[in-house]
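Undergrad: I am attaching a structure below and will ask some questions about it afterwards.
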Amino acid sequence: MKVAILVLMATTINAQNNNPLSDDVRQAYAEVRNNILRSAEKMPAENYDFRPAPRVRTFGQLMGHVAQEQYLFFCGPVKGEQKNVDVERTKTTKAELLVALKDSFAYCDSAYNEITDASAKEIVNTGGNRSMKLRLLWMNIAHDQSHYGNIVTYLRIKGIVPPSTEGQ
């Protein structure tokens, strides 16, 4: 009886996880997306022009950069689209940047939600280079995580607890 239950459990787990690679990339993306969106919401509007050093982006420019790159280099190619956007230089207020950031994540949500392990292997053009869809989605996560590290610094300088460490 115990063996039958274990076999049934193993079969159920395998049936539920037919796309372990794409499921994993979706989970990692959701974590960084949520951290960045919550950070953008937590930072007061008057601090969107804050830059911790003269030669780095302002907090707002950083938000715009994340939004823009998702369209241009990561999710756009995965979706087979060429999006020409300039969020980083054209949006400056918290309200504008929150809309742009949410829109870019919604755009990427569809790329991540539609990927399967089979489609993840498809090769797409990335502006002169060719990459697997799965690689681009992981590169987007790495890019966003890298900038989330910057965001954490900006928040901490302003005395704000980053979303990833709230409650710890």
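Undergrad: With 25 Å as the limit, write out which pairs from LYS94/LYS133; LYS91/LYS121; LYS91/LYS133; LYS83/LYS121; LYS42/LYS79 have Cα-Cα distances beyond it, or answer none.
TA: Details: LYS94/LYS133 32 Å; LYS91/LYS121 35 Å; LYS91/LYS133 29 Å; LYS83/LYS121 22 Å; LYS42/LYS79 31 Å.
Result: LYS94/LYS133; LYS91/LYS121; LYS91/LYS133; LYS42/LYS79 exceed 25 Å.
Undergrad: Then there's this: Can you give the local net charge around VAL87? Use residues other than it whose beta-carbon is closer than 13 angstrom to its beta-carbon, Lys and Arg +1, Asp and Glu -1.
TA: 0
Undergrad: Now for a different question. In region 75-164, if the dipole is taken from +1 on Lys/Arg beta carbons and -1 on Asp/Glu beta carbons about the Cα centre, which of TYR112, GLN145, SER131 is farthest to the positive end?
TA: About the Cα centre, the residue reaching furthest to the positive side is GLN145.
Undergrad: Still on this structure, I have one more. Between beta-carbons, use under 15 Å as the cut-off and find the net charge around ARG156, counting Lys and Arg +1, Asp and Glu -1.
TA: On the way: positive: ARG38, LYS42, ARG51, LYS158; negative: GLU166.
With Lys, Arg at +1 and Asp, Glu at -1, the net is +3.
Undergrad: Taking only Cα atoms and a 10 Å spring cutoff, compute GNM fluctuations for the chain and point out the largest among ALA111, ALA30, ALA40.
TA: Of the options given, ALA30 has the highest mean-square fluctuation.
Undergrad: Now for a different question. Taking the alpha carbon gyration tensor of the chain, what are the square roots of 5 times its eigenvalues, largest first, to the nearest whole Å?
TA: Square roots of five times the eigenvalues give 34, 22, 11 Å.
Undergrad: Give me the percent relative contact order of the chain, please, defined on Cα pairs under 8 angstrom at least 6 residues apart.
TA: Normalised by residue count, the contact order of the chain is 29 percent.
Undergrad: Please give the calculated 222 nm ellipticity per residue for the chain, where each DSSP H segment of at least 4 residues contributes -39500 (n - 2.57) and the sum is spread over every residue; nearest 500 deg cm²/dmol? Before the final figure, lay out each step's value.
TA: Numbers: 7 runs with 103 residues, N = 168.
So the calculated ellipticity at 222 nm is -20000 deg cm²/dmol.
We did not get these values from a lab; they are worked out from the coordinates using the rules stated. In this text, all values refer to a predicted model and were calculated from it rather than measured experimentally. Methodologically, a virtual Cβ is constructed for each residue, glycine included, from the backbone with ideal geometry; neighbour enumeration extends over all protein chains shown.
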